[in-house]
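What follows is calculated from the coordinates using simple rules that are stated; it is not laboratory data. As the structure is a computational prediction, the values presented were derived from the model and not from experiment. Cβ: placed from backbone, ideal geometry, glycine included. Neighbour counts: every protein chain shown.
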Amino acid sequence: NAGVTQTPKFQVLKTGQSMTLQCAQDMNHEYMSWYRQDPGMGLRLIHYSVGAGITDQGEVPNGYNVSRSTTEDFPLRLLSAAPSQTSVYFCASSSRLAHTYEQYFGPGTRLTVT
Amino acid sequence: AQTVTQSQPEMSVQEAETVTLSCTYDTSESDYYLFWYKQPPSRQMILVIRQEAYKQQNATENRFSVNFQKAAKSFSLKISDSQLGDAAMYFCAYRSAGGSARQLTFGSGTQLTVLP
């Protein structure tokens, strides 16, 4: 049971380049989310999904796309990277079961856009 | 929208002493969950403790306990007998009990240093 995995761990992009951050979970969780962490601002929600085929925007969705074709995978796409997207990105998952509380986080991806 | 405020960007504590980290939140909801997460230098987010708003009793997990004041919308974390391994960034987080998803709203974090 690997939990939530993210690849890559580190990435450097040039302005205007595109890339996809990968996220996968093997716990059969329905809910998956992407957060970004910036200094002094905590974690902020980018996009989330409540199940395969269903996604929605969070607090800071601009510049990012997501899709959820399977329960296991929830990739985050940067269409045209900007320096403002330099951040640490976390993927998280949780179960829809009633009275479950914990979100399981991946190890994060540190992205630098130059 | 809910907001979570951590007014202490940095705190320090002597090893074996007790420290309290503050958190306040703003919500119009009556049913929700509150969490403290720990983030060590490895970046991994680790759940420390959780509190259900409908429970009056404060949650406790070993050396970690909370002081939950629902009317004041306050949720502080007390770490007793502090250890060097407690040094980390601590985040307070809020989650609505309703709705179809499980998103968290985080505070800006408190960096805790433990002095030997």
Q | Per-q log10 I(q)/I(0), the protein assembly as shown, q = 0.12, 0.18 Å⁻¹ (Debye; single scatterer per alpha-carbon; no solvent) | A | -0.66, -1.36
Q) What's the average, rounded to a whole number, of partner chain beta-carbon atoms within 10 Å of each residue's beta-carbon in A:41-48? A) 5
Q: Between A:Ile54 and B:Ala97, with labels modelled 7 Å along Cα→Cβ, what's the label distance in nm to one decimal, could you check?
A: 2.2
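Per residue, what volume in Å³ does the Cα convex hull of the range B:3-99 take up? Please report the intermediate quantities before stating the final value.
Numbers: hull volume 9.9 nm³, N = 97.
It comes to 102 Å³ per residue, whole-number rounded.
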Q. Relative to the present Cα-Cα distance, how much length would full extension add between B:Asn58 and B:Asp26 at 0.36 nm per residue of separation?
A. 9.6 nm
Q: Take every residue in peptide B:105-111, count the Cβ atoms of other chains within 10 Å of its Cβ, and give the average of those counts.
A: 4
Q.
Nearest 5 percent is fine: what portion of the DSSP beta bridges confined to the protein assembly as shown is antiparallel?
A. 90
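Viscosity 0.890 mPa s, temperature 25 °C: give me the Stokes-Einstein translational D for the range A:1-82 in µm²/s, with Rh taken as the Kirkwood radius over C-alpha pairs.
It comes out at roughly 184 µm²/s.
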Q: Would you work out the relative contact order for the range B:3-99, in percent, from Cα pairs under 8 angstrom that are 6 or more residues apart?
A: 37
Q) Other chains near B:32-43: what is the mean number of their Cβ atoms within 10 Å of each residue's Cβ? A) 2
